[in-house]
Structures are given as structure tokens and as C-alpha cells.
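To keep things clear, I will list the structure first and then write my remarks on it.
The values are calculated or read from the model by the stated rules, or taken from the named source; none is laboratory data. No experiment lies behind these values; they were computed from the predicted model shown. Ideal geometry is used to build each Cβ from the backbone, glycine not excepted, and the neighbour counts take in all protein chains shown.
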Amino acid sequence: MNDCLFCKIINDEVPSYKIYEDADSLAFLDINPRSPGHVQVIPKAHYRWVWDIPNYDNYSLVVQKIAKAIQGAFGTDEVWSRVIGEEIPHAHTWLFPDPNKAIGDKKDFEGNAEKIKINL
């Protein structure tokens, strides 16, 4: 998709703070975070909805891995997830620590990315 923001991030046409990448998935910090460590987990192939992903079980394991890293990075067991998909027409899952309990500055993108990477 030529006009898809997430496809442009995958192709390094738009800068991002990537925290995880494998052959099928990419995770990066949301540029408008709800709390420190707000991550978008996306499939590298363009699908409109997460339930369209053929290997959803592998995708969900990546989501779980990132959620556990967020727990360790921001000092809270509560990691919220949302699958809405209205704002960007590319399958994605939001993951972010409870905004009332997360420790850190939500705009410290470099620091937050490093904290998550250390906990992967």
C-alpha cells in the first residue's frame, strides 16, 4: 500500500523507534503515546485487520512477548491492549502500560525504546 503509514515505517520511508523485528512482525513506539512505552505491533505484510493475519498465532506470541517486556521496563503488571484499527488501515495492536502506574516520561522515545529492548 503506497499511502499506508505503517507500510512506510516497515520500508524505512518514515522514521520510527523500532523495538522488535522478525520476518513477519514489527514493533515500534507510538509517536503519540498514551503512556511511556506505548507500542504498536504490526504484521509486515499489509492486512486491514488483525483477524485477517493468516498466522495470527505467531503474531499473538509477538504481542505477548512485547507486553511482558513492557511490564519489566515500566514497573507495572498492567499492560493495556487495544485493537481498534480506525486510525491507520493496517492491522495493529496497541500495547501500553497503565498510564496511572507507569514509571517514566512518555516522550522519551529513545530511552523508552531501550528500556523495552533490554527487557525482551
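Considering each residue of segment 37-57, count those that are touching a Leu at 6+ places or on another chain (Cβ under 7 Å), farther than 16 Å from residue 8 by Cα and not in a loop (DSSP other than H, G, I, E, B), and give that number.
1
Are any residues in segment 90-110 exposed (fewer than 15 other Cβ atoms within 10 Å of the Cβ) and either touching a helix residue (DSSP H, G or I) at 6+ places or on another chain (Cβ under 6 Å) or not charged (D, E, K, R) (or both), and if so, which ones?
100, 103
Residue check, residue 64 against (1) under 17 Å from residue 111 (Cβ atoms); (2) not aliphatic (A, V, I, L, M); (3) not in a loop (DSSP other than H, G, I, E, B), all met but one. Which one?
Among (1) under 17 Å from residue 111 (Cβ atoms); (2) not aliphatic (A, V, I, L, M); (3) not in a loop (DSSP other than H, G, I, E, B), residue 64 violates only (1).
Mind listing whichever residues of segment 55-71 are of a type outside the set (A, V, I, L, M, F, W, C) and either modelled with pLDDT of 95 or more or surrounded by 18 or more Cβ atoms within 10 Å (Cβ to Cβ) (or both)?
Hits for segment 55-71 are 56, 57, 58, 59, 60, 64, 65, 68, 71.
Can you find a residue in segment 16-36 that is touching a helix residue (DSSP H, G or I) at 6+ places or on another chain (Cβ under 9 Å), over 23 Å from residue 119 (Cβ atoms) and not in a helix (DSSP H, G or I)?
No, segment 16-36 contains no residue that is touching a helix residue (DSSP H, G or I) at 6+ places or on another chain (Cβ under 9 Å), over 23 Å from residue 119 (Cβ atoms) and not in a helix (DSSP H, G or I).
Those residues that are in contact with an Asp or Glu (Cβ under 9 Å, 6 or more places away or on another chain), assigned to a helix (DSSP H, G or I) and touching a residue at least 60 places away in the same chain (Cβ under 8 Å), I need them from segment 67-114; list them, please.
Correct list: 112 only.
Test of understanding: among 115, 101, which residue is farther than 19 Å from residue 44 by Cα and modelled with pLDDT of 95 or more?
Residue meeting the stated conditions: 115.
Please enumerate the residues belonging to segment 16-40 that are crowded, with 21+ Cβ neighbours inside 10 Å and out of contact with any Lys or Arg (no Cβ under 9 Å at 6 or more places or on another chain).
If the condition is that a residue be crowded, with 21+ Cβ neighbours inside 10 Å and out of contact with any Lys or Arg (no Cβ under 9 Å at 6 or more places or on another chain), then 39, 40 are the ones that fit.
What number of residues in segment 1-15 are assigned to a loop (DSSP other than H, G, I, E, B) and more than 23 Å from residue 73 (Cα to Cα)?
Looking only at that region, the number is 8.
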